[in-house]
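> Mind looking over this structure? Questions follow.
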Amino acid sequence: MTATTVLTARALLLDMDGTLVNSDAVVERIWRRWAERHGLDGDEVMKVVHGRQGYASMAVLLPDRPMEQNLADNARMLAEETADMDGVVAIPGAADFLASLRGLPHALVTSADVPLSTARMAAAGLALPDVRVTAESVGASKPDPEGFLKGAAELGVAPADCLVFEDSGAGIAAGRAAGMRVVGVGARASVHRPDVLVGDLSGVRVEAVGDGEVRVSFG
């Protein structure tokens, strides 16, 4: 990426954890406890869990376990996460970035459910976008593209005209599978070859340029 990188789109689709909100501290605490309970290596578990819904991560990590157990375990994990906001903060630049999107087509597309996404955005002091695709909205977790495709459909924008902001390998894969360009946010994104990579959101500028187009500048 250079200071002059500019992309145009008709809608922006935003992941939450790692993209707008830094929730790494709580994610590490809860998933490392889960790894210990199941006799798994915590470092290996942390390579899998970012970006996916909990049950989908469990299916990768415990492939022989019945899905019913994963879903029940996931419900308990979500309750734990929703009760733990210690260390949850905004990604640098996120508040100004979201403010710049007011009146422009954008949506939150997150693997968190409604209670968790609402709590984390509030803990980070960030306003929730009007259009939200959460865990309850989809039948398949990232890296499946369903969430991003639903976000595009709700905004009435073709997938190819959407720009995804993501931090995780699963999320970047989901955006690509949806036929969208992807802006990677943070160090986790760097190994997954997004179309553009930024350290955080502080250097991202958004402006409407007419005819329904949005210009996004990085630098």
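> If only one of D113, D84 is charged (D, E, K, R) and over 16 Å from the mean Cα position of the chain (by Cα), which one is it?
On inspection, the qualifying residue turns out to be D84.
> If only one of R102, R33, R120 is out of contact with any Pro (no Cβ under 9 Å at 6 or more places or on another chain), touching a residue at least 24 places away in the same chain (Cβ under 8 Å) and either open to solvent by 60 Å² or more (accessible area, probe 1.4 Å) or closer than 23 Å to A187 by Cβ (or both), which one is it?
Selected residue: R120, the only one of R102, R33, R120 that is out of contact with any Pro (no Cβ under 9 Å at 6 or more places or on another chain), touching a residue at least 24 places away in the same chain (Cβ under 8 Å) and either open to solvent by 60 Å² or more (accessible area, probe 1.4 Å) or closer than 23 Å to A187 by Cβ (or both).
> Another question, then. Return the total of residues in region 126-167 being open to solvent by 30 Å² or more (accessible area, probe 1.4 Å), within 25 Å of A75 (Cβ to Cβ) and assigned to a helix (DSSP H, G or I).
4
This table checks each residue for (1) of a type in the set (S, T, Y); (2) touching a Gly at 6+ places or on another chain (Cβ under 6 Å); (3) surrounded by fewer than 19 Cβ atoms within 10 Å (Cβ to Cβ); (4) assigned to a helix (DSSP H, G or I).
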site: A25; (1), (2), (3), (4): no, yes, yes, yes
site: R65; (1), (2), (3), (4): no, no, yes, no
site: L71; (1), (2), (3), (4): no, no, yes, yes
site: E81; (1), (2), (3), (4): no, no, no, yes
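> State the number of residues belonging to region 179-219 that are outside any strand (DSSP E or B) and either touching a residue at least 40 places away in the same chain (Cβ under 8 Å) or not β-branched (V, I, T) (or both).
Total meeting the criteria: 19.
The values are calculated or read from the model by the stated rules, or taken from the named source; none is laboratory data. From a predicted model like this one, the values you see are computed outputs, not experimental measurements. A quick note on method: Cβ atoms are made from the backbone with ideal geometry, for glycine too, and the neighbour counts reach across all protein chains shown. All accessible areas refer to the heavy atoms of the entire protein, side chains included, with ligands and DNA or RNA removed. Shrake-Rupley method; radii C 1.70, N 1.55, O 1.52, S 1.80 Å.
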